[in-house]
Amino acid sequence: MKDSLVRAYSLFLCLSVIQIVGCASTGVYPISTGSHTKLNDCTKSPKRVVVWGNHPGMVNTIIEIFQRAKCPVVERARLQMILKEQEIRLTHTPEDEADLLRIGKLAGADHMIFAEAVTTSVISSGTFVNAYGGASRTDTAYHVSVSIRSVDVETGEIQWSGSAHYDAAISNPEGGIVYLTRSAVARATCPLEEGHQWSDSSGCSKPK
């Protein structure tokens, strides 16, 4: 999985850089961290995954990353069907995790990807005066962070985890969540133990 995910992230990097310039104030870059156990390459040993999160853009981004890495992803419709068959009602609390792991196992998944995005708004206002008169203006900015982890459905052990956030407010939280998601996954799966290096501005790379 590690080589596939590193390659998949590289394909996203160019678009992501464009996106962050559009969605964040100048000089605002993601800060990320992560860790993992030994990862498998999906192209050599396919691992079926389930992605579950609280933000559609975040979930879709993770699914796209894993599909590019040749990892089979269980359709959400299949999960909803199993939830209905098992008569499980989610409470949208941490207590749901055990039920979701069971659902993932019933769906034939090897790993469950849990993803959470947190957004808080900050409103600022001010007035200005020029030669034509005065006016007031109100702006809304957002603090955004994401956390993602992959859990082994069979053992319940965390395979990898990553998180990312901006150190300042941004104007486009939807675009910010997508970029932070890519950063968090890439940071968590970057094989630092094999000599790769991580940079929040350029991603995971192996020195030549």
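Every number in this text was worked out from the coordinates using simple rules, so none of it is lab data. The model shown is predicted, which means the values in this text are computed figures rather than measured ones. Reconstructed Cβ throughout: ideal geometry from the backbone, glycine too, with neighbour counts over all protein chains shown.
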Practice problem: May I ask you to evaluate 6.51 cos²θ - 1.76 cosθ + 1.60, the Karplus curve with θ = phi - 60°, for each residue of region 198-208 and list the ³J(HN,Hα) values in order in whole Hz, giving x for glycine and proline? | Solution: 10, 9, 5, 8, 10, x, 9, 8, 10, x, 7
Quiz item: Which lysines have a Cα lying under 16 Å from the Cα of Lys206, excluding residues fewer than 8 positions away in the same chain?
Solution: Lys2
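Find the Cα radius of gyration of region 39-85, compare it with 2.2 N^0.38 Å by division, and give the number to two decimals.
Numbers: Rg = 11.7 Å, N = 47, 2.2 N^0.38 = 9.5 Å.
In units of the globular-protein estimate, region 39-85 measures up at 1.23.
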Quiz prompt | Protection-proxy order for peptides 179-192, 152-165, 61-74, each taking the mean of Cβ atoms within 10 Å per residue, highest first | solution = 179-192, 61-74, 152-165
Practice problem: Round to the nearest 0.05 the FRET efficiency obtained for Ala77 and Lys38 when R0 = 41 Å and r is the Cβ-Cβ distance. | Solution: 0.80
Self-check item: Within region 23-118: Cβ-based charge dipole about Cα centre, in debye rounded to nearest 20 (Lys, Arg +1; Asp, Glu -1)
Solution: 420 debye
Quiz item: Straight-line reach from Lys47: which aspartates and glutamates have Cα under 14 Å away, leaving out those fewer than 8 places along the same chain?
Solution: Asp3, Asp110, Asp152, Glu154
Quiz item: Which distance in nm do the two modelled labels at Asn54 and Asp139 give, with both placed 7 Å along the Cα-to-Cβ direction?
Solution: 2.8 nm
Quiz item: Which peptide among 75-86, 112-123 comes first, and what is the full order, when sorted by highest mean count of other Cβ atoms within 10 Å?
Solution: 112-123, 75-86
Quiz item: Mind listing the phi-derived Karplus ³J(HN,Hα) values for region 183-189, rounded to whole Hz, using 6.51, -1.76 and 1.60 with θ = phi - 60°, and x for any glycine or proline?
Solution: 5, 5, 5, 5, 5, 5, 9
Quiz item: Given the pairs Lys38/Lys84; Lys44/Lys208; Lys44/Lys105, which span a C-alpha to C-alpha distance of over 28 angstrom in this model?
Solution: Lys38/Lys84
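Calculate, for Gln86 and Glu157, the FRET efficiency according to 1/(1 + (r/R0)^6) with r their C-beta to C-beta distance and R0 30 Å; round to the nearest 0.05.
Working: r = 23 Å, r/R0 = 0.78.
Given R0 = 30 Å and the Cβ-Cβ separation, E is 0.80.
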